[in-house]
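Okay, so here's the structure we're looking at.
Read the figures in this text as sums done on the coordinates, not as results from a lab. What you see is a predicted model; the values in this text were computed from it and never measured. In this analysis, Cβ positions are derived from the backbone assuming ideal geometry, glycine residues included, and neighbour counts consider all displayed protein chains.
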Amino acid sequence: MKLGKQSIGVGDRFTHQGAAQLRAIMKANEKGLDISPVWNKSNREHIYVGTEPADTRNEADTAVKALNYNGNYFVDADHINLTTVAKYVEVSDFFTLDVASFIGKESSREEVDAFVASCEKYMGEMQIPGLESPLKVTAALLQDVADKFLAATQHASEIYAYLKKEKGEGNFITEVSMDEVESPQTPVEMLFILKMLADKGVPVQTIAPKFTGRFNKGVDYVGDLDQFAIEFEEDVLVLDFAVKEFGLPEELKLSVHSGSDKFSIYPIMADVILRYDKGLHLKTAGTTWLEEVIGLAVAGGEGLELAKKIYENAYNRQEELCGPYADVINIDGSKLPTVEEVNGWSSEKYANTLRHIPEQPDYNANFRQLIHVAYKVAAEMGSDYTRLLVKYADVIGACVEENIYERHLRRLFTI
Ligand SMILES: [Zn+2]
């Protein structure tokens, strides 16, 4: 099973927007692209929202059938590990093996020594085609990389072995993720991580490193764009080399866990993948939930009322809701509107404040981030929330489609 060159992960917390998301992808494909949709949902999201892995499978199959889509599509068990993978086996065909928590765990001296010895031929100045300067590989560097990443890649191979046994070889896509950590992996680390995965027989098709900079939820990238551009391009070249050198699947590509809406790095990634004729997998998640709230606000009536109620709840429960996301949000409380203010807003004012169009004078990234983490509030509302998703499906679906197509796909794939 192959993922295909270009793909996008369209997370959907409440599993109502599959068709709208697929419409956006089909629209891009009509313009000559070949983007595969992947419905990704992490174990954590399932728990917060109270959904089951089968709900995501059902959403994807239903959307595909309803729109007569005949391309490839996948259902991603996002950020799973050996303890959480079992319930995804039957319904998923894409598995994101999250090994971040194993980074830095100790491996035996023999394993570390064996790895360092196996890299003998790369010692000294290592030329990677396309890289401006050679990588400097020393025994100390290899030792360090092994200490950091051998246990993590070992864990990946254990999850992979389990999946291979349960689903059969070649019947699923394997991604390895290390993005949920503080320090970014450098291109040279990436190179040797890929060697470890190849040595352990993990046919990784997508790899999600931690990139430099902040990937706050639902808002734009914060960091040094030039540095990101260098790093991203070097990673692409390293992957290309690793495929040929270590015999990894030729489909291997970067997976960018964007936390949604990193618009300022889209043109950088677009330029690099176009220049080197490479693929990319981009994961979004909360952006669709935010469009649901925008759609409710735009719909007016009960919809706007509910959108205001969501904000009121979120505002009053900031500490609790933001706690689990402390590392990936950055809210300036003094810039949040009061509940009274928001309760006086029109549909337009609410939508313009939340919609991710920074040029729009009403746009407020603090408001947006707070709503982003407030999906728990909507989950608690249960059918009070989902009933309105059905009632205003047309308005909300149009918002979801426009967002994925206009703000994401067009920028990322230069449409
Ligand atoms: Zn991630």
Practice problem: Can you tell me how much longer the chain between Glu312 and Ala398 gets when fully stretched, taken as 0.36 nm per residue apart minus their C-alpha distance, in nm with one decimal? | Solution: 28.4 nm
Quiz prompt | Approximate shape of segment 298-400 as ellipsoid semi-axes (Cα gyration tensor, √5λ), whole Å, largest first | solution = 21, 17, 13
Quiz item: Relative to the Cα centre, what is the charge dipole magnitude of segment 298-400, using +1 at the beta carbon of each Lys and Arg, -1 at the beta carbon of each Asp and Glu, and rounding to the nearest 20 debye?
Solution: 180
Self-check item: Cα-only radius of gyration and Dmax that characterise the chain, units Å
Solution: 21.6, 69
Quiz item: Tilt of helix 393-402 relative to the longest C-alpha principal axis of the chain, in degrees (0 to 90, nearest 10)?
Solution: 40
Quiz item: Excluding Lys391 itself, what net charge comes from residues whose Cβ is under 13 Å from its Cβ, given Lys and Arg +1 and Asp and Glu -1?
Solution: -4
Quiz item: What is the local net charge at Gln143, summed over the other residues whose Cβ is closer than 15 Å to its Cβ (Lys, Arg +1; Asp, Glu -1)?
Solution: -4
Exercise. Give the span of segment 1-142's Cα atoms along each principal axis, as three whole-Å numbers ordered largest to smallest.
Key: 56, 39, 23
Self-check item: Per-residue Cβ neighbour rank within 10 angstrom, fewest leading, Arg368, Arg317
Solution: Arg317, Arg368
Quiz item: Using modelled backbone amide H atoms (1.01 Å from N, in-plane), which distant-in-sequence or interchain residues come within less than 5 Å of Ala208's amide H?
Solution: Val176, Ser177, Met178, Ser255
Practice problem: State the answer as a single residue: which of Tyr122, Val91, Ile80 lies farthest towards the positive end of the charge dipole of the chain, with beta carbon charges of +1 for Lys and Arg and -1 for Asp and Glu, about the Cα centre. | Solution: Val91
Exercise. Quote the relative contact order of the chain in percent (integer), defining contacts as alpha-carbon pairs under 8 Å separated by 6+ residues.
Key: 18
Quiz item: So how do Thr206, Thr212, Thr284, Thr138 line up by other beta-carbon neighbours within 10 Å, fewest first?
Solution: Thr138, Thr212, Thr284, Thr206
Quiz prompt | Selection from Tyr266, Thr15, Leu412, by position along the positive dipole direction of the chain (Cβ) | solution = Thr15
Quiz item: Which distance in Å, rounded to a whole number, links the C-alpha centroids of segment 173-236 and segment 272-296?
Solution: 17
Self-check item: Electrostatic dipole magnitude of segment 116-208 [Cβ: Lys, Arg +1; Asp, Glu -1; Cα centre; debye, to 20]
Solution: 340
Quiz item: So, with +1 on the Cβ of K and R and -1 on the Cβ of D and E, and no other charges, what is the size of the charge dipole of the chain about its Cα centre, to the nearest 20 debye?
Solution: 700
Exercise. Report ³J(HN,Hα) in whole Hz for each residue of segment 140-150, in order, from the Karplus equation J = 6.51 cos²θ - 1.76 cosθ + 1.60 where θ = phi - 60°; Gly and Pro get x.
Key: 5, 5, 5, 4, 5, 4, 5, 4, 7, 10, 5
Quiz prompt | Fewest-first sequence of Leu141, Leu131 by Cβ atoms within 10 Å of each Cβ | solution = Leu131, Leu141
Practice problem: Using just the helices of the chain, give the 222 nm mean residue ellipticity in deg cm²/dmol: DSSP H runs with n ≥ 4 each add -39,500 (n - 2.57), and the total is spread over all residues, rounded to 500. | Solution: -15000 deg cm²/dmol
